[in-house]
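The values are calculated or read from the model by the stated rules, or taken from the named source; none is laboratory data. Model, not experiment: these values are computed from the prediction. Positions of Cβ are backbone-derived with ideal geometry, glycine not excepted, and every protein chain shown enters the neighbour counts.
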Amino acid sequence: MSEDWKATVSRRPLLAALGTILGVGVVGGAIYEGGHALFHRLPKGPYGHLLAELGDMPSATRVGRAVLAEMPDFRATAVAGNVRRGLAGRSLPVVLTEDAVEGRIDEVQAWVLPVTLTQLCGLAASQ
């Protein structure tokens, strides 16, 4: 009474349906990820290109306000130059790790942060 399902299903229509499903998934994924890549915007302001790797701008700005409160002589243009030279084609996580390993840290309201992160947060709050 039970028929062999292999005998009742043709191979070509089955492969065409599976290929279509796979193709729709690939195209949908490409459109989704392409939209993020095409419409990703840098943070606004003169230092947006430096702040792009921070990710969470509201938190960075909050920490930056504390940095500016504790460092009244913070000069954004000088700090931006230091950060540019420090990054110099390297990723932010690498630079932050080097800061921590080499003891370049700041304490801001009980936060112990790498100097580069402190500077970037200060730039975020100064915009």
### Query
What are the residues in region 80-99 that are among the small types (Gly, Ala, Ser) and surrounded by 14 or more Cβ atoms within 10 Å (Cβ to Cβ), if any?
Ala80, Gly86
### Summary
When region 44-73 is checked residue by residue, the ones that are outside any helix (DSSP H, G or I), under 16 Å from the mean Cα position of the chain (by Cα) and farther than 17 Å from Arg84 by Cβ are Lys44, Gly55, Asp56
### Query
Within the bounds of region 34-43, is there any residue that is under 30 Å from Glu107 (Cα atoms), at pLDDT below 70, surrounded by 10 or more Cβ atoms within 10 Å (Cβ to Cβ) and within 23 Å of the chain's Cα centre (by Cα)?
yes
